[in-house]
Amino acid sequence: MQALIERQCDSQLGVRDEEKFRSEGDGIWVFKKFQDRIYCYFDGNKVCMTHGLKKKRDRVPPSELKKAKDIRALNKK
């Protein structure tokens, strides 16, 4: 997972693989590798990770996206 994160966040590379790193809307992004998910957001040039989970169903519950937004809001205060 660490190699995926480093590769997707490399500003010089500039290419992002939407299968492994994509926007979930409202400024929240997710790293995906198999069933593992790590939610994050950008704060300037920094990538701030909120939380991770192992996906158990076909769809990730909307509560996980809300959790990432809530964590971002707490950190911006």
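The values are calculated or read from the model by the stated rules, or taken from the named source; none is laboratory data. On a predicted model such as this, the values are computed, not experimentally measured, just so you know. Virtual Cβ from ideal backbone geometry, glycine too; neighbours counted across all protein chains shown.
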Problem - Close pairs (8 angstrom Cβ cut-off, 6 or more residues apart or separate chains): in a helix (DSSP H, G or I) in the stretch 62-77, β-branched (Val, Ile, Thr) anywhere - result: Leu65/Ile28; Lys67/Thr50; Ala68/Ile28; Ala68/Thr50; Lys69/Ile28; Ile71/Thr50; Arg72/Ile28; Arg72/Thr50
Practice task
Tell me which of these Ile5 doesn't satisfy, since it passes every other one: (1) assigned to a loop (DSSP other than H, G, I, E, B); (2) touching a residue at least 40 places away in the same chain (Cβ under 8 Å).
Solution key: (1)
Handout entry: Selection from the stretch 41-61 of residues that are aliphatic (A, V, I, L, M), modelled with pLDDT under 90 and either assigned to a helix (DSSP H, G or I) or within 12 Å of the chain's Cα centre (by Cα) (or both)
Key = Val47
Exercise for the section: Search the stretch 40-59 for residues that are farther than 19 Å from Ala73 by Cβ and pair each with any residue that is of a type in the set (Asp, Glu) and assigned to a strand (DSSP E or B) when their beta-carbon atoms are under 7 Å apart and the residues are at least 6 apart or on different chains. Expected result: Lys54/Asp36
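Looking at this structure, is Glu18 crowded, with 16+ Cβ neighbours inside 10 Å and either part of a loop (DSSP other than H, G, I, E, B) or in contact with a Leu (Cβ under 7 Å, 6 or more places away or on another chain) (or both)? Let's see the steps before the verdict.
Details: crowded, with 16+ Cβ neighbours inside 10 Å: no; either part of a loop (DSSP other than H, G, I, E, B) or in contact with a Leu (Cβ under 7 Å, 6 or more places away or on another chain) (or both): yes.
Spelling it out, it is not the case that Glu18 is crowded, with 16+ Cβ neighbours inside 10 Å and either part of a loop (DSSP other than H, G, I, E, B) or in contact with a Leu (Cβ under 7 Å, 6 or more places away or on another chain) (or both).
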Exercise for the section: Go through the stretch 24-40 and give me each residue that's loosely packed, with under 12 Cβ neighbours inside 10 Å and assigned to a strand (DSSP E or B). Expected result: Gly25
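Residue by residue through the stretch 10-24, note down the ones that are within 11 Å of the chain's Cα centre (by Cα) and at pLDDT below 90.
Keep residues of the stretch 10-24 that are within 11 Å of the chain's Cα centre (by Cα), which gives 20-24.
Scanning the stretch 10-24 gives Lys20, Phe21, Arg22, Ser23.
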